[in-house]
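Below: one structure, written as structure tokens.
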Amino acid sequence: MLIRAGFEIAIRTQSEMPMLCALSPHPSAQPAVLGTGALQSDPHVQIERYRDAFDNEISRLTAPAGPLRLISDLIVEDDRSPDDVDWTARQHPVAELPNEVLRFLIPSRYCESDTLAPDAWALFGGTPEGWARVQAICDYTHRHIQFGYQYGRPTKSALDAFREGNGVCRDYAHLAVALCRAMNIPARYCSGYIPDIDVPYTGPMDFSAWFEAWLGGRWYTFDARFNTPRIGRLLMVRGRDAADVAMIMSFGPHMIDRFEVWADEVPEGQTIEQLRGLLRVPTEPAMAG
């Protein structure tokens, strides 16, 4: 199965503006078969790319005064397998955790696990450790938060979402991450594309947030908003929370004039030239990878 994923974001600034953009596929994501997913711009500006502390690809650029389009478009191959599920995956005692995992146990900017700890233990202290406990946290978060774009705001934290009972996908992820950490389960925030494959239509496409929990010696994907394994998930970024992986961090004010995201299964039987014609960015004459 082939999946096309990308975006076009039109921004506007009053003067030259340095920016950091976390808008590329994660290096661990499935490799592209056409295009790269690397951020491109119109008009063209120089873009420097580097890996941050979480191995995300960050694009560094200076936006000129006036309008600028940020574009990415690629096609990846997916085996149509849903997210892994393992009800036998155990919760590790903190003393057994690898050093590199420990940072995903501590409170962070949007995940106040220390403040939420008494509520977390009251809600989940009686649940079985391991996968069942993380799933119980997902079930609770899925029920507790009412989804709505009108409820989102840049400063909203897990504690806010817990108290207000509403939010957007990042609030589901933040609350679930904070509750997991409060129960001594390492958890990290993720964001990327989730196409509507073998599920009912969920509305206009957008980037989506989910999380990963460390169980049974590895990271597993969980999604408190949709609360079901999904097909075709394409990771862009990981971090302690959204503060680590802001889509666009500008060092000054900017306006967003247009925000379009797509992630769709590609109909079978198309030629390479037809696939290339779908993309909004130039590609090499032959398939890569």
Would you check which residues across segment 70-106 are open to solvent by 80 Å² or more (accessible area, probe 1.4 Å) and within 30 Å of Q46 (Cα to Cα) and list them? E77
Are any of the residues in segment 78-86 touching a residue at least 60 places away in the same chain (Cβ under 8 Å), among the β-branched types (V, I, T), outside any helix (DSSP H, G or I) and within 20 Å of T221 (Cα to Cα)? yes
Report, by residue number, each residue of segment 24-39 that is surrounded by fewer than 21 Cβ atoms within 10 Å (Cβ to Cβ), in a loop (DSSP other than H, G, I, E, B) and of a type in the set (A, V, I, L, M). A29, A38
Just to be sure I understand the filter: pairs with C-beta atoms under 8 Å, separated by 6 or more residues or on different chains, first member in segment 112-130 and in a helix (DSSP H, G or I), second member among the aliphatic types (A, V, I, L, M) and open to solvent by 70 Å² or more (accessible area, probe 1.4 Å). Which pairs pass? S113/I106
Whichever residue in segment 269-282 is over 27 Å from the mean Cα position of the chain (by Cα) and assigned to a loop (DSSP other than H, G, I, E, B) and, among such residues, is surrounded by the fewest Cβ atoms within 10 Å (Cβ to Cβ): G269
Filtering segment 94-111 down to residues that are in contact (Cβ under 8 Å) with a residue 24 or more places away in the chain and out of contact with any Pro (no Cβ under 7 Å at 6 or more places or on another chain) yields V94, L102, R103, I106, P107, S108, R109, Y110, C111
Contact list, first residue from segment 136-156 and without any contact (Cβ under 8 Å) to a residue 24 or more places away in the chain and closer than 12 Å to H174 by Cβ, second anywhere and assigned to a loop (DSSP other than H, G, I, E, B) and of a type in the set (V, I, T), beta-carbon distance below 6 Å, six or more apart or interchain, is G152/V168
Go through (1) of a type outside the set (G, A, S); (2) within 25 Å of D196 (Cα to Cα); (3) more than 18 Å from the chain's Cα centre (by Cα); (4) in a strand (DSSP E or B) for T62 and report which single condition fails. (2)
From S208, S250, which residue is in contact with a strand residue (DSSP E or B) (Cβ under 9 Å, 6 or more places away or on another chain) and free of Cβ contacts under 8 Å to residues at least 40 places away in the same chain? S208
Return yes or no: is A132 open to solvent by less than 70 Å² (accessible area, probe 1.4 Å) and not hydroxyl-bearing (S, T, Y)? yes
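For every residue, the table says whether it meets (1) surrounded by fewer than 24 Cβ atoms within 10 Å (Cβ to Cβ); (2) closer than 29 Å to R80 by Cα; (3) touching a helix residue (DSSP H, G or I) at 6+ places or on another chain (Cβ under 9 Å).
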site: A176; (1), (2), (3): no, yes, yes
site: R181; (1), (2), (3): no, no, yes
site: Y189; (1), (2), (3): no, yes, yes
site: G192; (1), (2), (3): yes, yes, no
site: I197; (1), (2), (3): yes, yes, no
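The values are calculated or read from the model by the stated rules, or taken from the named source; none is laboratory data. Not measured: the values here are computed from a predicted model. Cβ: placed from backbone, ideal geometry, glycine included. Neighbour counts: every protein chain shown. To get the accessible areas, we keep the full protein, side chains included, count just its heavy atoms, and leave off ligands, DNA and RNA. Shrake-Rupley method; radii C 1.70, N 1.55, O 1.52, S 1.80 Å.
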